[in-house]
Amino acid sequence: MSEGGKQRDRERLVKALRDNLRRRKASPGEIVEPQAGDGAAAQAGGRAEAAIVKRRSAQDGKETVVDRIKITGGAKLNGTIPISGAKNAALPLMIASLLTPYTLELENVPRLADVQTLLRILANHGVDYAVNGKRPGEKAETGQTLRLTAASIVDTTAPYELVSKMRAGFWVIAPLLARLGEARVSLPGGCAIGTRPVDLLIMALERLGAAIEIEAGYVVAKAPHGLKGAEIVFPKVTVGGTHTALMGAVTAEGTSVIRNAAREPEVTDLARCLVSMGARIEGAGSSTITVHGVAALSGARHAVLPDRIETGTYAMAAAMAGGDVLLEGARPDLLQSVLDAIAQAGAEISVTNEGVRVRRNGEGLSPVDITTNPFPGFPTDLQAQFMALMSRARGTSVIRETIFENRFMHVQELARLGARIRLDGDAAYVEGVERLNGAPVMATDLRASVSLVIGALAAEGETLINRVYHLDRGFEALESKLSRCGAQIERLSG
Ligand code: UD1
C-alpha cells in the first residue's frame, strides 16, 4: 500500500472509531465484545465453520478464584507430560493480530486464564475471534487454534478493568498506534513482583515518533502521521520493550535498529510470525534487530513454540519427586542453562526425538548456585521453582535474582513447608533440609505458586495451596499432567 493509501486507510479507521465512541457514549461502561464472524471476519476471509467454533472457552478465571489444590507428597513421578504452547509467546502473537485487517491463525495456543483475558482485551478493540473446539482424540491439554481478525478496530482504549489483570495487555499500545495513529492504554497490572515500570516501552514508542502523555492512569499515545523508523537503544534488556519496539517498527516508515534487544525465544517467535505476515526483520534472537518498515501486513498461520518455563518446571518437579518423566514436545535449546543446573543437581537429563527425559533415582540432590539473567541465562520465571528444588539439597545453594526486585515472595511460603532460606538483598541462601512437611500455603504470584507445588510433591503429608487462580494464569491442566504421572494432587472447588 502507498503512503497515501495508508493515510486514507488510517483516516477511515479513525472515523469508524469516532462513530463507535459516539455510539458508546450513549451506553457508557459497556465493554464491546463483537461476535465471531460478524462483519469483520466475513470481510477478511469468511467465517470459520460453525461446527468447530465456540465463542468462549469454558476456562474462565472467575470460576476458579476460590479453588485450592491438595497435594499429598512422597509419590514418584513416572510417565509422559505433554508440553503446551508458551504463554509468553502466545500473548504477543495474539496482540500482533491488531497490526493487520486479515486473519492471523495461531496454533498450539495454551488454554489459560491469561489467554482468555487477552481475548477480552482484543475483542474490546474490535478483534473478531474464533476458538476451535477439541477434535476427536485430542486431550484436555492439546493446544487450541485461534483465528483472530482485526478487520476494523472499534476502540483504541484498553481499559483499566482488563489491563490491570495482566501486564502483557499493555503491549496492545504498539500495534494500535502503528495501525491507527493513536492508543489510550491503562498502566498495567499483573503479578505483584516488585516495581514493573513501562518507561522503556514508552521510550521505544517515542523514538518511533509517538507523542506520549500520562492522563489519569492511562498512557495516551499519538502519531497521527504514522510511526517513523529510528534507532532504539535499550539501557536494560526488556522483553516487553523489545516486543513493543518490533510491533511499532514493522509498519513504520523507514528502517529501525533495536539495540540491546531481548534475545528470549518468545521474541524470536514473534519476529518469525511477523515475517510470515510480510514484515522485514533481521537479527531476531540476537541483541541487534533491524526492521525495514513495510506499508502493510497480511494474515498468516503460525504455531506457538513450546513453553520453556513449563518444561523447566516439570523437569524440576521430576528431579524433586524422583522417577522418570518424558517432557513431550519440549525443546532443550530453549532452556539449556536450566537443564544444565538440574543435571548438576543430580538428575539425569537426556534428549530424545520426542522431547526431554528427566530421571532421578534415590540419590540425594546436590546444591547448585544460580543467578537469573536475560536469555540465554537462567530465567527469572524458574527461580522460585529452582529454590524449591534446592530446599532439599545436601548443602547450601545461593540463588541470586537480578531481573526483578522483590521476587522472593515464595520464600516465606516455602518456609511454611520447612525450607530454610535466608534473604540478603538480591540473594537467597538456601540451606537444604532432609525433609519438608506438608502445610497450608498461599500462592502469591504465577511462578511462586508452582514452586509450592514442587515443594509439596516432596513434602511429607498434605499441603493445601490457596489462591490457585495464579496457577491457572500460566499452567495448563497442571493437576491432570502431574496426576497422570502418579502425583497425588487434586483440585478442591469452593
Ligand atoms: C516478560 C515475561 C515475564 C518474565 C520477564 C523477564 C511475558 C508475558 N512476561 O515480562 O514472565 O519474567 O519478561 O524475563 O512475556 N523494565 C523497566 N522498564 C520498562 C520495562 C521493564 O525498568 O519499561 C525492567 C523490569 O522492571 C525488569 C526488567 O526490565 O527489571 C525486565 O523486564 P521485562 O523483560 O520487560 O519483563 P516483561 O516483558 O514485563
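Each value in this text was obtained by applying a stated rule to the coordinates, not by laboratory testing. Note that the structure is a prediction, hence the values are computed from the model and not measured. When we count neighbours, we look across all protein chains shown, and the Cβ atoms used for this are built from the backbone with ideal geometry, even at glycine.
Quick look at the numbers
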{"read-out": "Where a label projected 7 Å from the Cα of Glu462 along Cα→Cβ would reach, residues of the stretch 414-452 with amide N under 11 Å", "value": "439-440"}
{"read-out": "DSSP-assigned coil residues among trypsin sites (Lys or Arg not before Pro) in the stretch 189-271, each with at most 12 further Cβ atoms within 10 Å", "value": "Lys236"}
{"read-out": "Subset of Lys87/Lys165; Lys70/Lys481; Lys165/Lys228; Lys165/Lys481 violating a 24 Å alpha-carbon distance limit", "value": "Lys165/Lys228; Lys165/Lys481"}
{"read-out": "Low-density loop cleavage sites - GluC sites (Glu not before Pro) in the stretch 420-482, where at most 15 other Cβ are within 10 Å (DSSP)", "value": "Glu434"}
{"read-out": "Listed peptides 154-164, 315-325, 118-128 by packing density, highest first (mean Cβ within 10 Å)", "value": "315-325, 118-128, 154-164"}
{"read-out": "Mean Cβ count within 10 Å, highest first, over the residues of peptides 364-377, 297-310, 408-421", "value": "297-310, 408-421, 364-377"}
{"read-out": "Highest average packing first - 384-392, 77-85, 482-490, Cβ atoms within 10 Å", "value": "384-392, 77-85, 482-490"}
{"read-out": "Efficiency of FRET between Glu215 and Thr371 - r from beta-carbon atoms, R0 41 angstrom, step 0.05", "value": "0.55"}
{"read-out": "Separation of the Leu492 and Ser164 label points, Cα + 7 Å toward Cβ, nm", "value": "3.0"}
{"read-out": "Theoretical gain in end-to-end length, Arg301 to Val398 [0.36 nm per residue, Cα-Cα removed]", "value": "30.6 nm"}
{"read-out": "Shape call, the stretch 355-494: gyration tensor on alpha carbons, a/c limit 1.5", "value": "rounded"}
{"read-out": "Burial ordering of Ile95, Ile202, fewest other beta-carbon atoms within 10 Å first", "value": "Ile202, Ile95"}
